[in-house]
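Engineer: Before anything else, here's the structure in question.
The values are calculated or read from the model by the stated rules, or taken from the named source; none is laboratory data. All values derive from a computational prediction rather than experimental measurement. Note that each Cβ is placed from the backbone with ideal geometry, even for glycine, and that neighbours are counted across all protein chains shown. Ligands, DNA and RNA are stripped out before the accessible areas are found, and what is left, the full protein with its side chains, is counted by its heavy atoms. Shrake-Rupley method; radii C 1.70, N 1.55, O 1.52, S 1.80 Å.
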Amino acid sequence: MSERLTLPVLPLRDVVLFPGVATSIGAGRPGTVRAIEAALATPDRLVFAVCQRENTEQITSEGLYTIGTIAKVGQLQRGLAGMQLLLHGERRGIVMHVSEKNGYLEAIVREAEEMQPLNAEDPAFVGLYREVRLRAAELGQKSGLPEEVVQQVLNGVNEPGSFADLVAGYIDIPAPQRQSLLETLSVEERLRRVLVHVQRQIAVVEAQEDIKSQVQEELGERQREMFLREQMKQIRKELGEEDEADELEELKKKLESLPLSAEARKEVDRELGRLARIGRESMETQVVRNYLETIAELPWGERSAEHLDLKVASEILENDHYALGDVKDRILEFLAVRQLKQAGRTDGGDSEDKGDGNAPAVEPSSDRPSAKGPILLFVGPPGVGKTSVAKSIARSMGRKYVRISLGGARDEADIRGHRRTYVGAMPGRIIQGLKQAGTKNPVFLLDEVDKLGVSFQGDPASALLEVLDPAQNDSFTDHYLGVPFDLSEVLFIATANFLQSIPGPLLDRMEVVEFSGYTEPEKLEIARRYLIPRQLEENGLAGREVAVSDEAVKEVITGYTRESGVRQLEREVGKVARKVARRIAADEAKVITVDAPMVKTLLGRPKVHPEKAARDDATGVATGMYYTPMGGDIMFVEASTMRGKGELVLTGQLGDIMKESARAAWTYARSHAAALRIPDEMFDRDVHIHVPAGAIPKDGPSAGITMATALISALSGRPARHDIAMTGELTLRGRVLPIGGLKEKILGAERAGITRVVIPKDNEPDLEDLPELIRKKVEVFPVQELGEVLALALRGASYREGRLLFGEESPRDVQPLSMGYRH
């Protein structure tokens, strides 16, 4: 009879512990925890581990099986929810009596003795034992365990009863069947039962393998791919790459939804395949990913809905800009053509491939090629409203507005982008602008297109040829993208200050819309409508008793600004507003009316000293007109003779063209000395021609007749009129050729106080560009020959029958000036 032990009872739920087997369990019930604490207090740390008959929280002696396992408590870890401990089964035990002690169950246990076989050498028993070992090894291998591990575990037990307990501890059977094996004390019978369960487990595993193979054969390529991707997802989850995989999947779905062309789709699929193959740690990963994200962010199929209503567009242009009548008319004509084109497509009518077709088709997915429209080029001085008019066009059409500044761009990659082989490659500014807009039909402003540079890195102006050519830009290929992108629906508008700085092929692709400078009355009205309210608002004066009189604005325009536009005017108005705000904030005044005298108090002395008409006639001084990006103005050309060797001296920082104009005038004067009443001895004297403002470079042919007038006045000793300004190119025969910038020049002369101007006859149609008020105020003299100019500019001179006459001279007594040339 074995000895009896008094041990704490450790009730197990759905777990049966076998001798020789170690298992990990969690203990959280108070009675169980107290039982473990009691076992830990003893030297041998033994407990009686027995399975519950039913899975209940309340533990009673009737709810426990009679036979359990005497086990030793091994490693133990305490936690907030209880304990986690390792139990080592040592031997079977039979409960003799169960009682409650200190909140846990305590049992008197007697060790259960196994029933050994009658003959351990019996062939039947030996064969049974070997069969169990073989089948157990087979089950372990079929379950996916390495063969070496299975053999190591099985070879560690040689006694049949212990081996049966080891196998029973690891096979997957319900708890009641496990308990039955535990209660089987006969070693031979226990081996038979274990063998039956092992055979069943092997049959189940083989059936699973057969089912799996059959399902794999039935799975198509798509299901197999999903299965593999799910496995990859789990692997990435284990590696901590789950979020990245989700982002890539989202990127792929976004790319699949884009309406790409066949060429673009092929390139995107190729790059997606590369991204899937290369590892996360590869340097190429970020490059490929950036490329695909750029493709995904481009508006391949997104369009803004156009609203082409001429009345609304006219109201927007009138509200946003004052004056610029010709510009507004051209823009409304442009929008009217687009409206008719769009109406034709809506009605199903056919349109020729000539008209204005930057507007999107009515159907978003229309494959019909849209008609091509003009690309506008706004040319004019700074500050006259070129950029803001482009914004108004976008607003009137309901399109997005994008602006890029090309001033100083000198790299072809600015337009076409960098090839992806370069480190830090990125798309060109055209593609970046479209990505910023989010639609494929924005109003795209190319600002300062005349200030493109050229360097060893390429010519950006040449790269713009494809962008601005309606016949080519439907397949614009950016170096970074490497695939065509359709720009045909983009409405391109360019701005420039100088036409001369734009290459001919590029200029040929655009339709020029000229912006001229504002007159003083127009500047006054612009300040009253827009600039003063805006500056009062920005400086905290809105709603206060602050008024700016028209005389004050005129004083600012004439004494503190010198420009064709209104930028400097707005800055000066803002300065006045800040000075007024300071006085109000200091409680110096509550109501302030800014008048002309107060302007000088607030802004100080006038900073601009424009040329004014001369007060008196002078010999050798003629008044010319010139044009700069800041607007038109007058200049004085001075000529003086002195003793010398008949040389011509030119000063005033003149350009080559102006120097050639002066030499042409000198030659004309010498060859027509008799007709011009110039004594021969005057050509033995040196002549000095000077244009004041010597610090400013000057060039151009339009000062030809002005230089000739000043030179002939000095050589002949006849004074030139001070109240006439002139412009025109001069030939050796005395022809007066047309010039440019006539409107700005006449406006500049009128600002300077001159109301009589001489212009080339061929420029007479340009007078229509002048405001009605200026046309009424200024007297214009169109001329074809220099003799006509001299008759107007020199006192006491007249011009009849091709001859320049002074006083009471008869034409028959004077040589002609035309050198055989007749109009």
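Engineer: Please enumerate the residues belonging to the range 29-59 that are polar (S, T, N, Q) and either farther than 23 Å from LEU182 by Cα or assigned to a strand (DSSP E or B) (or both).
Structural biologist: Within the range 29-59, THR42, GLN52, GLN58 qualify.
Engineer: What are the pairs, 6+ residues apart or on separate chains, where a residue within the range 308-332 that is closer than 19 Å to GLY383 by Cα and open to solvent by 50 Å² or more (accessible area, probe 1.4 Å) has its Cβ under 9 Å from a residue that is in a helix (DSSP H, G or I) and of a type in the set (A, V, I, L, M)?
Structural biologist: ASP320/VAL389; TYR322/ILE526
Engineer: For the range 724-735, enumerate the residues that are buried (at least 21 other Cβ atoms within 10 Å of the Cβ) and within 52 Å of the chain's Cα centre (by Cα).
Structural biologist: If the condition is that a residue be buried (at least 21 other Cβ atoms within 10 Å of the Cβ) and within 52 Å of the chain's Cα centre (by Cα), then ALA725, MET726, THR727, GLY728, LEU730 are the ones that fit.
Engineer: For the range 703-719, does any single residue satisfy the condition of being more than 21 Å from GLY796 (Cα to Cα) and not hydrophobic (A, V, I, L, M, F, W, C)?
Structural biologist: Yes, there is a match, as at least one residue in the range 703-719 is more than 21 Å from GLY796 (Cα to Cα) and not hydrophobic (A, V, I, L, M, F, W, C).
Engineer: Return yes when VAL490 is under 30 Å from SER564 (Cβ atoms) and not charged (D, E, K, R) and no when it is not.
Structural biologist: Answer is yes for this residue.
Engineer: Something else now. Please specify each residue of the range 521-545 satisfying the condition of being within 30 Å of LYS777 (Cα to Cα) and aliphatic (A, V, I, L, M).
Structural biologist: Scanning the range 521-545 gives LEU524, ILE526, ALA527, LEU531, ILE532.
Engineer: Another one. Condition first: surrounded by fewer than 13 Cβ atoms within 10 Å (Cβ to Cβ), among the charged types (D, E, K, R) and in contact with a Lys or Arg (Cβ under 9 Å, 6 or more places away or on another chain). Can you find one or more residues in the range 111-132 that meet it?
Structural biologist: Yes, that holds for at least one residue.
Engineer: Please name all residue pairs, on different chains or six or more residues apart, with Cβ atoms under 6 Å, provided the first residue is in the range 30-42 and is farther than 17 Å from GLN84 by Cβ and the second residue is modelled with pLDDT of 90 or more.
Structural biologist: Pairs that qualify, where the first residue is farther than 17 Å from GLN84 by Cβ and the partner is modelled with pLDDT of 90 or more, are ALA38/PRO8.
Engineer: Also: Any residue that is open to solvent by 10 Å² or more (accessible area, probe 1.4 Å) and within 49 Å of the chain's Cα centre (by Cα) - is there at least one of those in the range 705-723?
Structural biologist: no
Engineer: Using the structure shown, decide if PRO701 is more than 47 Å from the chain's Cα centre (by Cα), closer than 22 Å to ALA749 by Cα and open to solvent by 10 Å² or more (accessible area, probe 1.4 Å).
Structural biologist: no
Engineer: So which residues in the range 634-650 are within 13 Å of HIS690 (Cβ to Cβ), surrounded by 16 or more Cβ atoms within 10 Å (Cβ to Cβ) and among the hydrophobic types (A, V, I, L, M, F, W, C)?
Structural biologist: MET635, PHE636, VAL637, ALA639, LEU648, LEU650
Engineer: Of all residues in the range 754-795, count the ones that are outside any helix (DSSP H, G or I), at pLDDT below 90 and open to solvent by less than 60 Å² (accessible area, probe 1.4 Å).
Structural biologist: Selection size over the range 754-795: 2.
Engineer: Name the one entry in ALA81, ALA124 that is within 60 Å of the chain's Cα centre (by Cα) and among the small types (Gly, Ala, Ser).
Structural biologist: It is ALA81.
Engineer: Quick one: in the range 471-504, of everything that is in contact with a Ser or Thr (Cβ under 8 Å, 6 or more places away or on another chain) and closer than 14 Å to LEU377 by Cβ, which residue is most open to solvent (accessible area, probe 1.4 Å)?
Structural biologist: Only one residue tops the list, namely PRO503.
Engineer: Of all residues in the range 229-286, which are outside any helix (DSSP H, G or I) and modelled with pLDDT of 85 or more?
Structural biologist: Scanning the range 229-286 gives SER257, LEU258, PRO259, LEU260, SER261.
Engineer: Sticking with this structure for a sec: Being assigned to a loop (DSSP other than H, G, I, E, B) and open to solvent by less than 30 Å² (accessible area, probe 1.4 Å) is the filter; apply it to the range 651-681 and report the residue that is nearest to ARG735 (Cα to Cα).
Structural biologist: Checking each candidate, the answer is HIS672.
Engineer: What are the pairs with Cβ atoms under 8 angstrom where one residue, in the range 635-650, is assigned to a strand (DSSP E or B) and the other, located anywhere, is basic (Lys, Arg) and open to solvent by less than 60 Å² (accessible area, probe 1.4 Å)? Sequence gap at least six, or different chains.
Structural biologist: Short answer, once both residue conditions are applied: MET635/LYS698.
Engineer: Could we say that TYR480 is assigned to a loop (DSSP other than H, G, I, E, B) and closer than 18 Å to GLU412 by Cβ here?
Structural biologist: The answer is yes for TYR480.
Engineer: Consider the range 67-85. How many of its residues are open to solvent by 40 Å² or more (accessible area, probe 1.4 Å) and modelled with pLDDT under 90?
Structural biologist: Residues meeting the conditions: 8.
Engineer: Among the listed residues GLU522, GLU511, which satisfies the condition of being in contact (Cβ under 8 Å) with a residue 24 or more places away in the chain, open to solvent by 50 Å² or more (accessible area, probe 1.4 Å) and within 30 Å of PRO771 (Cβ to Cβ)?
Structural biologist: Result of the check over GLU522, GLU511: GLU511.
Engineer: Got a sec? Which of ILE724, ILE705 is within 24 Å of GLY559 (Cα to Cα) and in contact with a helix residue (DSSP H, G or I) (Cβ under 6 Å, 6 or more places away or on another chain)?
Structural biologist: ILE724
Engineer: Would you call ALA496 at pLDDT below 90 and not acidic (Asp, Glu)?
Structural biologist: So ALA496 does not fit the description; no.
Engineer: Let me ask something else about it. Please tell me if GLY161 is within 29 Å of LEU12 (Cβ to Cβ) and buried (at least 18 other Cβ atoms within 10 Å of the Cβ).
Structural biologist: Against the criterion (within 29 Å of LEU12 (Cβ to Cβ) and buried (at least 18 other Cβ atoms within 10 Å of the Cβ)), GLY161 qualifies.
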